[in-house]
Amino acid sequence: MKTHMIHINETQSARLISHEMAFAAITRALIAAASAASSIFPVVLGHASDPQNRFTIKSGADADLTGLKIGSYFPTNDRLGLPRHDSVILLFDQTKGKIGAIVEAGELNAYRTAAADAVATDILARKDASTVALFGTGHQAEYEALALSHIRPLKKILVVGRDPVRTQSFAQLLQTKGLPAEMSRAEQACAAADMIVTATIATAPLFHAQWVQAGTHISSMGSDATGKQELPPDLFHRAKLFCDLPEQSRRIGEFQHADAKVQLTAIGDVLSGKTSGRVSADDITIFDSSGLSLQDLYIAQAIIKAHMECRT
């Protein structure tokens, strides 16, 4: 019997995804990534004919899934009125060596990235954490705020951005989503926060280490290429350091700026109970998300399952 390739388009995947589905899929993916049965291959960082337009290829395999995600970032889309970011996930049919499923994942990718933040924050942040300092006013920052609102009852989101007009507009956007957002300066936001999220394309630290209070959890979500940087490296010696994959984090993630001697812990080992996360209320914890192929494969699998259930 001939089997047909599954194709789920952007409209379908965006309709099916939810923060709850993404949280569950990414939890499984991060645990799988820490397993010896998984392989995550080096990330390809490329650019289009116009070098400012860039793409990445992330690929991997575990006992059940093999495939890749192609993600693009095209700033030139601004003049077309189109999103800068787009993604497509390809899953292999491993019995035939052919692509068995294509999942268009522009919006899906935003949920997937934010879910990694939520999963790590849920296990690392203090249970009473309720104030977020959010660095970034772009497309991804909105999803980060919404994902965190599903794991903690947020009392305040302090938005920090480079452009005051854009920052105020973004805070107002979050307010329309029912979130308690307001514009803030970096130092004041860090001083008030028990959770800090950075979702930017920065290439230098966004704040000073001494501004971070004891007990704070930090998620760096924007560093996924050589040269990117959001956090001050002198903070690393005061904190417990976690990431999605240590070797990738040191190569293209936030911890490319860390001393080679500092210990990095895969968040999947904390989720599976193999090692500890936060030990005391005063711990500063940092999670670096450089983005893993298995996250894409697992969320694509969840979307395919939901799509098939809708058809029956």
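Run down Val132, Val165 and say which single residue is open to solvent by 10 Å² or more (accessible area, probe 1.4 Å) and of a type in the set (A, V, I, L, M). Steps first, please.
Details: Val132 fails: open to solvent by 10 Å² or more (accessible area, probe 1.4 Å).
From the options Val132, Val165, the qualifying one is Val165.
Do we find a residue being in contact with a Ser or Thr (Cβ under 9 Å, 6 or more places away or on another chain), aliphatic (A, V, I, L, M) and within 20 Å of Ser290 (Cα to Cα) anywhere in segment 159-173?
Taking every residue of segment 159-173 in turn, none turns out to be in contact with a Ser or Thr (Cβ under 9 Å, 6 or more places away or on another chain), aliphatic (A, V, I, L, M) and within 20 Å of Ser290 (Cα to Cα).
Could you identify the single residue in Ala24, Ala37, Ala63 that is over 25 Å from Ala225 (Cβ atoms), open to solvent by 30 Å² or more (accessible area, probe 1.4 Å), under 16 Å from the mean Cα position of the chain (by Cα) and aliphatic (A, V, I, L, M)? Don't jump to the end; show me each part of the working.
Working: Ala37 fails: under 16 Å from the mean Cα position of the chain (by Cα); Ala63 fails: under 16 Å from the mean Cα position of the chain (by Cα).
It is Ala24.
May I ask you to say which residue of Ser13, Ser18 is farther than 27 Å from Gly273 by Cβ and either open to solvent by less than 50 Å² (accessible area, probe 1.4 Å) or out of contact with any strand residue (DSSP E or B) (no Cβ under 7 Å at 6 or more places or on another chain) (or both)? First the steps, then the outcome.
Values: Ser18 fails: farther than 27 Å from Gly273 by Cβ.
Just one listed residue meets the conditions, Ser13.
I want to confirm something. Restricting to segment 86-127 and keeping residues that are open to solvent by 40 Å² or more (accessible area, probe 1.4 Å) and part of a helix (DSSP H, G or I), which single residue is farthest from Ser276 (Cα to Cα)?
Here the residue is Glu107.
Go through segment 40-58 residue by residue and tally those that are open to solvent by less than 30 Å² (accessible area, probe 1.4 Å) and under 17 Å from the mean Cα position of the chain (by Cα).
2
Just need a number here: residues in segment 217-237 that are touching a strand residue (DSSP E or B) at 6+ places or on another chain (Cβ under 8 Å), over 22 Å from Glu142 (Cβ atoms) and part of a loop (DSSP other than H, G, I, E, B).
Filtering segment 217-237 for residues touching a strand residue (DSSP E or B) at 6+ places or on another chain (Cβ under 8 Å) gives 217-231, 235-236.
So of that shortlist, the ones also over 22 Å from Glu142 (Cβ atoms) come out as 226-227, 229, 235-236.
With part of a loop (DSSP other than H, G, I, E, B) added as a condition, the list becomes 226-227.
Qualifying residue count, segment 217-237: 2.
Quickly run through segment 259-274 and pick out the residues that are surrounded by 12 or more Cβ atoms within 10 Å (Cβ to Cβ) and of a type outside the set (A, V, I, L, M, F, W, C). Walk me through it before giving the result.
Narrowing segment 259-274 to residues surrounded by 12 or more Cβ atoms within 10 Å (Cβ to Cβ): 262, 264-272, 274.
Thr265, Gly268, Asp269, Ser272, Lys274 - these are the residues of segment 259-274 that are surrounded by 12 or more Cβ atoms within 10 Å (Cβ to Cβ) and of a type outside the set (A, V, I, L, M, F, W, C).
Could you pull out the residue among Gln256, Gln248 that is surrounded by 20 or more Cβ atoms within 10 Å (Cβ to Cβ), assigned to a helix (DSSP H, G or I) and not charged (D, E, K, R)?
Numbers: Gln256 fails: surrounded by 20 or more Cβ atoms within 10 Å (Cβ to Cβ).
When all the criteria are applied, what remains is Gln248.
Anything in segment 75-91 that is without any contact (Cβ under 8 Å) to a residue 40 or more places away in the chain and in contact with a Leu (Cβ under 8 Å, 6 or more places away or on another chain)? List them, or say none. If you could, list the steps in order and put the result at the bottom.
Kept after step one, since they are without any contact (Cβ under 8 Å) to a residue 40 or more places away in the chain, are these residues of segment 75-91: 75-82, 86, 88, 90.
Listed by number, the list holds a single entry, Leu90.
For segment 153-205, enumerate the residues that are in contact with a helix residue (DSSP H, G or I) (Cβ under 9 Å, 6 or more places away or on another chain), assigned to a strand (DSSP E or B) and free of Cβ contacts under 8 Å to residues at least 60 places away in the same chain.
Residues satisfying the conditions are Lys156, Ile157, Leu158, Val159, Val160, Ala181, Glu182, Met183.
Of all residues in segment 275-312 being small (Gly, Ala, Ser) and farther than 30 Å from Ile57 by Cβ, which is surrounded by the most Cβ atoms within 10 Å (Cβ to Cβ)? Before you say what the answer is, go through the steps one by one.
Of all residues in segment 275-312, those small (Gly, Ala, Ser) come to 276-277, 280-281, 289-291, 293, 300, 302, 306.
Restricting the remaining residues to those that are farther than 30 Å from Ile57 by Cβ gives 276-277, 280-281.
Numbers: Ser276: 11, Gly277: 20, Ser280: 9, Ala281: 11.
Here the answer is Gly277.
The values are calculated or read from the model by the stated rules, or taken from the named source; none is laboratory data. Please read all numbers here as calculations on a predicted model, not as lab measurements. As a convention, Cβ positions derive from the backbone with ideal geometry for all residues, glycine included, and neighbour counts pool all protein chains shown. Accessible surface areas use protein heavy atoms only, side chains included; no ligands, DNA or RNA. Shrake-Rupley method; radii C 1.70, N 1.55, O 1.52, S 1.80 Å.
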